[in-house]
Amino acid sequence: MYDDFGFSRRELLLRTAGGLGGIALACLLAEDKALAGQIENPKSKIESPLPHFAPRAKRVVQIFCMGGVSHIDTFDYKPELEKHDGKAMTGKGKVDTFFGQPGNLMKSPFAFRRRGRSGLWASDLLPNLAECVDDMTFIRSMVSKSANHTPATFFMNTGFTMNGFPCLGAWLSYGLGTENEDLPAFVVLPDSRGVPAGGSINWTSGFLPATHQGVAFGTGKEPIPDLFPADPAVQAHLREASGFVGRMNRAYAAEDPGDSALEARIRAYELAAKMQVSIPEAVSIDTESEATKRLYGLDNPASAPFGRNCLMARRLLERGVRFVQLCHGGAFGGNPRINWDAHEDIVDNHTRQAGTMDRPVAGLLRDLKARGLLEDTLVLCTTEFGRTPITQGLNAKGRDHHPHAFTVWMAGGGLKPGYAYGNSDEIGYSVDNPTTVYDFHATVLHLLGIDHKRLTFYHNGIQRRLTDVHGSVVGDVIA
């Protein structure tokens, strides 16, 4: 096949391995195992034009808080917990906790007050976000299918507790594409302290074509590693090699048009070349004003790393990136924990985590609003599950995992601002009318002009979708 070139594609890659580092961005290419064998079936073509109806939002930024944020210590005020602090929980049947160490009821150690014109409750744990409640929309009746970190993280990201399914960002890339051909449609900004449970599986394209996987930026000084060659003198040789590899790839692709993995690699190489121009400008936060940097908390060592990611997210969104996921919190375990997993001490854990994300996320909301971007940008702040209203063990100060009731909030395009939907019971333990993750995903897609039942991909004999066979739009939160 390669007689015209004189040697095989593999031989060329081996000969030019060093030079190709400047254009073959490692973060754009999934591991070979993830790419192998992904064949796009003709039945997977999107039959109806997208969007299905007029969208309220054009782009999404998701803040994912790893570890499980306590709803009853942030935005779901429960006066009954104050009345019964230190007493045994009764009337709930068998007490269900992840570690099987039920303790007594514990009131929130953080003071709650009504905020803004809407009068919504928020605690002093997140003082900056508390000032933004008039722009936020809360769902206080969320439930999850798992109390285990990794499956619950997968579930919130993909709608399935098992790995191997496309995440929300991949579905949006597949359905809506990109608004900027020089930047990825789906970008992930991991926490500088570590990656989430399950790692890159959380931004996988699953069985969708590999081009729709999330592009994870680095957390160091160079968000995109190996974007430029170490020796600028070889730039001309790289361009020549790139063109040569491109011709070989196109020849191979013409003989095997069903190989989406190769197509993903070809597009990655092409995008990598464009990104050598687009990325340095897009991520250059040094060009921002000092006032903007302070708004995002870059003047505080605790909040600066996540603040930098939030500011970078705004710059990517305004340049046409469709979906940006900001991960807050990293790997589990350790002491102190670097996520919201407050088993030992709710005050210590949540105060530290809030100190790293409160100002940056509030700054992002305010900045998007000031620039007129919040009108058609959907902001999501999600977590895996909530925390128990009882302590984890007697005479303890922490809370266990709790999938039976938790809170998420949204803001921006098409939502009712300053509004709270749903309720947990009087102590935040259960929900009478639950909102599932399927409902949440259906609502997000609806705001982007997508009928969640019509965005499908044929895989293993099934027309798969983000919401599986479930989900209803939460119409009450839509303006």
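The values are calculated or read from the model by the stated rules, or taken from the named source; none is laboratory data. Owing to the predicted nature of the structure, the values given are computational and were not obtained by experimental measurement. Neighbour counts run over all protein chains shown; Cβ positions are idealised from the backbone, glycine included.
When we screen V324, V283 for residues that are over 23 Å from G68 (Cα atoms) and either of a type in the set (A, V, I, L, M, F, W, C) or surrounded by fewer than 18 Cβ atoms within 10 Å (Cβ to Cβ) (or both), the only hit is V283. Looking across the range 72-87, the residues that are part of a loop (DSSP other than H, G, I, E, B) and not basic (K, R) come down to T74, F75, D76, Y77, H84, D85, G86.
For the range 175-203, the candidate set comprises residues that are hydroxyl-bearing (S, T, Y) and not in a helix (DSSP H, G or I); within that set, the residue that is modelled with the highest pLDDT is S192.
Taking every residue in the range 153-164 that is in contact (Cβ under 8 Å) with a residue 24 or more places away in the chain and farther than 18 Å from D341 by Cβ and pairing it with any residue that is among the hydroxyl-bearing types (S, T, Y) and in a loop (DSSP other than H, G, I, E, B), at least 6 positions away or on another chain, the pairs with Cβ-Cβ distances below 7 Å are G159/T467. Answer yes or no as to whether P336 is surrounded by fewer than 22 Cβ atoms within 10 Å (Cβ to Cβ) and not in a helix (DSSP H, G or I). It is true that P336 is surrounded by fewer than 22 Cβ atoms within 10 Å (Cβ to Cβ) and not in a helix (DSSP H, G or I).
A quick yes/no check of all residues on (1) surrounded by fewer than 21 Cβ atoms within 10 Å (Cβ to Cβ); (2) of a type in the set (S, T, Y):
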residue	(1), (2)
G386	no, no
A396	yes, no
R399	no, no
A405	no, no
V408	no, no
K416	yes, no
D425	yes, no
S430	yes, yes
N433	yes, no
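Here is the figure for the range 189-218: residues that are of a type in the set (F, W, Y) and in contact with a Cys (Cβ under 6 Å, 6 or more places away or on another chain) total 1. Q325 meets each of the listed conditions (1) part of a loop (DSSP other than H, G, I, E, B); (2) within 30 Å of W171 (Cβ to Cβ); (3) touching a helix residue (DSSP H, G or I) at 6+ places or on another chain (Cβ under 7 Å) apart from (1).
Conditions (1) of a type in the set (S, T, Y); (2) crowded, with 18+ Cβ neighbours inside 10 Å; (3) touching a Leu at 6+ places or on another chain (Cβ under 7 Å), marked per residue:
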| site | (1), (2), (3) |
| --- | --- |
| P55 | no, yes, yes |
| K58 | no, yes, no |
| S70 | yes, yes, no |
| K78 | no, yes, no |
| T90 | yes, no, no |
| K94 | no, no, no |
| K107 | no, yes, yes |
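Selection of the range 449-479 for residues being modelled with pLDDT of 95 or more and of a type in the set (G, A, S) yields G449, G471, S472, G475, A479. In summary, strands (runs of 3 or more DSSP E) completely within the range 384-463 and bearing 1 or more residues that are basic (K, R) and over 24 Å from the mean Cα position of the chain (by Cα) occur at 399-402. For T356, the conditions (1) polar (S, T, N, Q); (2) closer than 23 Å to N148 by Cβ; (3) touching a helix residue (DSSP H, G or I) at 6+ places or on another chain (Cβ under 7 Å) are fulfilled apart from (2). None of G218, G206 is surrounded by fewer than 17 Cβ atoms within 10 Å (Cβ to Cβ), at pLDDT 70 or above and not in a helix (DSSP H, G or I) except G218.
Within the range 76-114, the set of residues being β-branched (V, I, T) and either at pLDDT 95 or above or not assigned by TED's automatic domain parsing to the domain that holds N148 (or both) is empty. A442 meets each of the listed conditions (1) buried (at least 22 other Cβ atoms within 10 Å of the Cβ); (2) without any contact (Cβ under 8 Å) to a residue 12 or more places away in the chain apart from (2). Inside the range 282-300, can you point out the residues that are over 19 Å from V187 (Cβ atoms) and assigned to a loop (DSSP other than H, G, I, E, B)? Matches in the range 282-300: S289, G297, L298, D299, N300.
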